[in-house]
1. If you wrap a convex hull around the C-alpha atoms of segment 90-152 and split its volume per residue, what is the figure in Å³?
2. Relative to the compact-globule scaling 2.2 N^0.38 Å, provide the ratio for the alpha-carbon radius of gyration of the chain.
3. Give me 84, 16 sorted ascending by neighbouring Cβ count inside 10 Å, so fewest comes first.
4. Segment 42-109: D in µm²/s via Stokes-Einstein (Kirkwood Rh, Cα pairs, 4 °C, 1.567 mPa s)?
5. Given the options 133, 155, 108, state which has the largest fluctuation in a GNM of the chain using a 10 Å cut-off (strictly under) for Cα springs.
6. Among 171, 101, 31, whose Cα lies farthest out toward the positive end of the dipole of the chain, if unit charges sit on the beta carbon of Lys, Arg (+1) and Asp, Glu (-1)?
7. Need the full-extension length gain, residue 20 to residue 106, defined as separation in residues times 0.36 nm minus the C-alpha distance. One decimal, nm.
8. Say R0 is 30 Å: what FRET efficiency, to the nearest 0.05, do residue 158 and residue 69 get from their beta-carbon distance?
Amino acid sequence: MILSDKRILEEIDKGTILIEPYDRECLGTNSYDVHLGKHLAIYKDEILDARSHNEIEHFEIPEEGFVLQPNELYLGVTLEYTETHAHVPFLEGKSSTGRLGIDIHATAGKGDVGFCNTWTLEISVTRPVRVYAGMPIGQLIYFVVEGDIERVYNAKQNAKYNERTVRPVESMMWKNKF
């Protein structure tokens with residue numbers, strides 16, 4: 001079950017959902033619009049290795065915007081910091097973003113109960129497109145959880161993306177044992 005706008009507001013009032021900064025105008029019928037933060041990143045190496053710490057180079061989107069290029073993976077970040085303590089948050093692209101050929105995540109659209117951070121975006125484009133800091137980039141949808149939760153994300157010892165940040169975070173796959 002997806003939370004409606006009224007339920008999202010109730011959960012914000014209860015403190016089980018936190019969105020900073022919050023703007024009532026961004027609340028849709030059953031979602032909340034999030035915006036592109038000012039930081040982007042790209043991987044330094046041409047070949048990435050799942051067992052290695054692949055470093056990224058951060059840069060800021062200039063006032064005049066930045067042109068994303070096809071065949072490049074950009075890591076972006078939401079302007080909004082969120083906390084979700086009782087629901088499963090899903091981040092999806094907005095239709096207006098998709099119609100510009102912008103994909104905001106390759107596989108990581110679902111958060112966990114207890115996720116408290118900005119959202120790193122895995123951005124790719126089908127053709128060159130200029131993006132701007134602060135533009136609407138996606139929407140958060142909240143799902144009800146069925147059953148009790150044994151351990152929320154931010155309480156897990158092995159949670160790799162707990163450190164609060166305003167910049168995109170590279171893959172931490174190298175921290176897994178395989």
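Nothing in this text is a laboratory measurement; each read-out follows from the coordinates by a stated rule. Computed from a predicted model, the values in this text were never measured in an experiment. Cβ coordinates were reconstructed from backbone atoms using ideal geometry, including for glycine residues, and neighbour counts include every protein chain displayed.
1. Values: hull volume 6.1 nm³, N = 63.
Taking the convex hull of the Cα positions in segment 90-152, it is 96 Å³ per residue.
2. 1.04
3. Result, fewest neighbours first: 16, 84.
4. Working: Rh = 14.9 Å.
In µm²/s, the coefficient rounds to 87.
5. Its mean-square fluctuation being the largest, the pick is 155.
6. 171
7. Details: separation 86, 0.36 × 86 = 30.96 nm, distance 2.46 nm.
In short, 28.5 nm is gained.
8. Numbers: r = 35 Å, r/R0 = 1.16.
For R0 = 30 Å, the calculated efficiency reads 0.30.
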